[in-house]
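The values are calculated or read from the model by the stated rules, or taken from the named source; none is laboratory data. Keep in mind the model is a prediction, meaning the values are calculated, not measured. Positions of Cβ are generated from backbone atoms using ideal geometry, with glycine treated the same way; all protein chains shown enter the neighbour counts. Areas reflect the complete protein model, heavy atoms only, side chains present, ligands, DNA and RNA absent. Shrake-Rupley method; radii C 1.70, N 1.55, O 1.52, S 1.80 Å.
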Amino acid sequence: MNARVPLSEDFVNGEVSFWYRSSGVPEPGPRLDGDLRADVVIVGAGLTGLWTAYYLKKARPALDVVVLEQEFAGFGASGRNGGWLTGALAGSHGRYARTHGEDAARALQREMYATIDEVIAVCAKEDVDAGIVKGGELTVARTSAQAGRLRELVADARATGLREEDLRVVDPADHLRVAGAVGAVWTPHCARIQPAKLVRGLARVVRDLGVRVFERTPVTSILPHRAITPYGTAEADHVIRATEGFTSQLKGLRRQWLPMNSSMIVTEPLPAAFWDTVGWQGAELLGDLAHYYIYAQRTEDDRIAFGGRGRPYLYGSRVDARGNTHDWTVEALWRILIDFFPAAASSKVAHAWSGVLGVPRDWCSTVHLDRDTGLGWAGGYTGHGVTTTNLAGRTLRDLILGEDTGLTALPWVGRKVRAWEPEPLRWAGVHSMYRLYRMADQRERSMTRTSALARLADLITGH
């Protein structure tokens, strides 16, 4: 590791994520041993798959629900994310509105807000200690150009029906003293979580409900009413794909969703004097309006977990499964962290890790069920999956049970999304986008408006 990054003596790179550090990385449970038949087979034991199993069993306890997982429950993004239970829409309001109308897009946003409280309520009911604190979210602007985007963000929010109590302009110093902040917006619709505690707790709950979870069981192909594994075939009336960023590893789905990498570092525990200095007294989540944006939380044990884009995409939609993070990414995140909070420079980095999230070609999430083939899926959360997975699970429940509800009428249900381009166009486009975003952030330090380079990056990838 580059000497410019201070590392703790027990620094860890990868090993899935920091969130498993206190409990240890779980040992996978029993694998599938032979063919089976069930009512519903779910591929993937992340939050999408587990929430779907949970709500199905709660609605119809007699249903035979099986979950197949290639590693262990919570191995992917569900156990590696930044711990944001956010109400932010996993997609574009404007794109949903263009296909289904303004009222439908607004209904989806309201349902996202309500989903935060749904997750909190289920965790309380099922005794899942996920370290949840609904402390809200602060998004800061640190340049004049970012301040302009902040004003546009608020104007767009008002135009789409969001009220002052949903999103409002604040003095950043009243919440967090971020170095160089020139403006901020605040929303109460966000909660901090400990990701591994949430997904592992939910896995325990679904097992207690009678769901059969087979780990160490990679699915190599999904066909109508069948999931194929090296250890047997699982047949069911419905087969649900809940593989998010790992979808590209399935046969025939390499271009379905782009597996985008995101990386995080976490500091050693910081003293009370630091938190007093920066005014971070609660569990607020912190983001910014840079193109190469960051996301951060104050953890339960008084560290800063700080995330952003590392090596964004591997050629051919490959996935680095163990979470190892490049040295230059750790250094870049550390530099940004101490730029935000100079008082953190006396700390050290205790852990670094990476994970993949699924990105559709139009950057809008989808949920779908084909009644003829029995195949369904949900995903493409573009980094907003902690909340959206719960909404997906409830929506898939209603679709599988054949019930027409307010959830099944939401505009992300059945959304058609074209595939990503073949290589090398895919690789070139994504890397061009992030290069342009980095250059735009540099230029905007001396600009009053958004750089044309950022707009070009958006045009290239449809962001």
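Return the residues of the range 200-235 that are in contact (Cβ under 8 Å) with a residue 24 or more places away in the chain, over 26 Å from LYS251 (Cβ atoms) and not basic (Lys, Arg); say none if nothing qualifies.
GLY201, LEU202, ALA203, VAL205, VAL206, LEU209, GLY210
Going through ARG371, ARG415 one at a time, which residue ends up being touching a Leu at 6+ places or on another chain (Cβ under 9 Å) and basic (Lys, Arg)?
Values: ARG415 fails: touching a Leu at 6+ places or on another chain (Cβ under 9 Å).
Just a single option satisfies the conditions, and that option is ARG371.
For the range 371-380, enumerate the residues that are open to solvent by 10 Å² or more (accessible area, probe 1.4 Å) and either part of a strand (DSSP E or B) or in contact with a strand residue (DSSP E or B) (Cβ under 8 Å, 6 or more places away or on another chain) (or both). Walk me through how you get there before you give the answer.
Step one: filter the range 371-380 for residues open to solvent by 10 Å² or more (accessible area, probe 1.4 Å), giving 371-373, 375, 377.
Matches in the range 371-380: LEU375, TRP377.
So which residues in the range 409-463 are among the aromatic types (Phe, Trp, Tyr) and either open to solvent by 50 Å² or more (accessible area, probe 1.4 Å) or assigned to a helix (DSSP H, G or I) (or both)? Before you say what the answer is, go through the steps one by one.
Residues of the range 409-463 among the aromatic types (Phe, Trp, Tyr): 412, 420, 427, 434, 437.
Selection gives TRP427, TYR434, TYR437.
VAL239 fails exactly one of the following numbered conditions: (1) buried (at least 23 other Cβ atoms within 10 Å of the Cβ); (2) closer than 21 Å to VAL367 by Cβ; (3) within 22 Å of the chain's Cα centre (by Cα). What is the number of that condition?
All conditions pass for VAL239, except number (3).
Name every residue in the range 113-137 that is under 15 Å from VAL199 (Cα atoms) and not in a helix (DSSP H, G or I), in order of residue number.
Within the range 113-137, GLU126, ASP127, VAL128, ASP129, ALA130, GLY131, ILE132 qualify.
Evaluate the range 249-265: report whether one residue or more is more than 22 Å from THR389 (Cα to Cα) and modelled with pLDDT of 95 or more. Break it down into steps so the answer makes sense when it comes.
Within the range 249-265, the first condition is being more than 22 Å from THR389 (Cα to Cα), and the residues that meet it are 251-252, 265.
Applying the additional criterion that residues be modelled with pLDDT of 95 or more yields 265.
Scanning the range 249-265, I find at least one residue that is more than 22 Å from THR389 (Cα to Cα) and modelled with pLDDT of 95 or more, so the answer is yes.
What tally of residues in the range 402-432 results from selecting those that are more than 25 Å from GLN109 (Cβ to Cβ) and in contact (Cβ under 8 Å) with a residue 60 or more places away in the chain?
Applying the first criterion (more than 25 Å from GLN109 (Cβ to Cβ)) to the range 402-432 yields 402, 419-432.
Right, trim to in contact (Cβ under 8 Å) with a residue 60 or more places away in the chain and you get 419-424, 426-427, 430-431.
The qualifying residues number 10.
Run down THR405, THR395 and say which single residue is closer than 30 Å to TYR54 by Cβ, in contact with a Phe, Trp or Tyr (Cβ under 9 Å, 6 or more places away or on another chain) and of a type in the set (S, T, N, Q).
On the way: THR405 fails: in contact with a Phe, Trp or Tyr (Cβ under 9 Å, 6 or more places away or on another chain).
Every option except THR395 fails the conditions.
What pairs come out if I take residues in the range 257-274 that are closer than 12 Å to SER346 by Cα and pair them with residues that are charged (D, E, K, R) and not in a helix (DSSP H, G or I) whose C-beta lies under 6 Å away, six or more apart or interchain?
Pairs that qualify, where the first residue is closer than 12 Å to SER346 by Cα and the partner is charged (D, E, K, R) and not in a helix (DSSP H, G or I), are THR267/ARG303; GLU268/LYS348; PRO269/ASP301; PRO269/ASP302; PRO269/ARG303; LEU270/ASP302.
Can you name the strands (runs of 3 or more DSSP E) wholly within the range 191-252 that have at least 1 residues being of a type in the set (Ser, Thr, Tyr)?
Values: elements: 212-214, 221-223, 226-229, 232-241.
Correct list: 221-223, 226-229, 232-241.
Identify the residue in the range 138-148 that is buried (at least 19 other Cβ atoms within 10 Å of the Cβ) and of a type outside the set (A, V, I, L, M) and, among all such residues, is farthest from PRO195 (Cα to Cα).
The qualifying residue farthest from PRO195 (Cα to Cα) is THR143.
Restricting attention to the range 45-64, does a residue exist that is over 19 Å from the mean Cα position of the chain (by Cα) and β-branched (Val, Ile, Thr)?
Applying the first criterion (over 19 Å from the mean Cα position of the chain (by Cα)) to the range 45-64 yields 53-64.
Subsequent filtering for residues that are β-branched (Val, Ile, Thr) retains none.
No, the range 45-64 contains no residue that is over 19 Å from the mean Cα position of the chain (by Cα) and β-branched (Val, Ile, Thr).
In the range 227-247, what residues are more than 23 Å from THR389 (Cα to Cα) and not charged (D, E, K, R)? Steps first, answer last, please.
Of the residues in the range 227-247, the ones more than 23 Å from THR389 (Cα to Cα) are 228-235.
Residues satisfying the conditions are ILE228, THR229, PRO230, TYR231, GLY232, THR233, ALA234.
With TRP275, TRP280 as the choices, which residue is within 26 Å of VAL330 (Cα to Cα), at pLDDT 95 or above, open to solvent by less than 30 Å² (accessible area, probe 1.4 Å) and assigned to a helix (DSSP H, G or I)? Spell out the reasoning first.
Numbers: TRP280 fails: assigned to a helix (DSSP H, G or I).
The conditions single out TRP275.
Output the number of the condition that THR395 fails; it satisfies all remaining conditions of (1) assigned to a loop (DSSP other than H, G, I, E, B); (2) at pLDDT 95 or above.
(1)
Among the residues of the range 1-22, write down those that are surrounded by 11 or more Cβ atoms within 10 Å (Cβ to Cβ) and of a type in the set (S, T, N, Q). Lay out the reasoning, then the answer.
The first filter runs over the range 1-22 and keeps only residues surrounded by 11 or more Cβ atoms within 10 Å (Cβ to Cβ), leaving 1, 5-8, 11-22.
Selection gives SER8, ASN13, SER17, SER22.
What's the total number of residues in the range 84-136 that are more than 20 Å from VAL417 (Cα to Cα), touching a residue at least 24 places away in the same chain (Cβ under 8 Å) and aliphatic (A, V, I, L, M)?
Counting residues in the range 84-136 that are more than 20 Å from VAL417 (Cα to Cα), touching a residue at least 24 places away in the same chain (Cβ under 8 Å) and aliphatic (A, V, I, L, M) gives 12.
Which of the residues belonging to the range 361-370 are part of a loop (DSSP other than H, G, I, E, B), in contact with a strand residue (DSSP E or B) (Cβ under 9 Å, 6 or more places away or on another chain), open to solvent by 10 Å² or more (accessible area, probe 1.4 Å) and touching a residue at least 60 places away in the same chain (Cβ under 8 Å)? Show your work before the answer.
Narrowing the range 361-370 to residues part of a loop (DSSP other than H, G, I, E, B): 361-365, 370.
Among the residues that remain, those that are also in contact with a strand residue (DSSP E or B) (Cβ under 9 Å, 6 or more places away or on another chain) are: 361, 365, 370.
This time we only want the ones that are open to solvent by 10 Å² or more (accessible area, probe 1.4 Å), so: 361, 370.
Listed by number, the list holds a single entry, ARG361.
From the set of residues in the range 88-102 that are open to solvent by 50 Å² or more (accessible area, probe 1.4 Å) and over 11 Å from LEU410 (Cβ atoms), which is nearest to the chain's Cα centre (by Cα)?
Going through the range 88-102, the residues open to solvent by 50 Å² or more (accessible area, probe 1.4 Å) turn out to be 95, 98-100, 102.
Imposing the further condition that a residue be over 11 Å from LEU410 (Cβ atoms) reduces the set to 95, 98-99, 102.
Working: ARG95: 20, ARG98: 25, THR99: 24, GLU102: 25 Å.
Per the stated criteria, the residue is ARG95.
Looking at (1) more than 17 Å from the chain's Cα centre (by Cα); (2) open to solvent by less than 40 Å² (accessible area, probe 1.4 Å), which is the only condition PRO269 fails?
(2)
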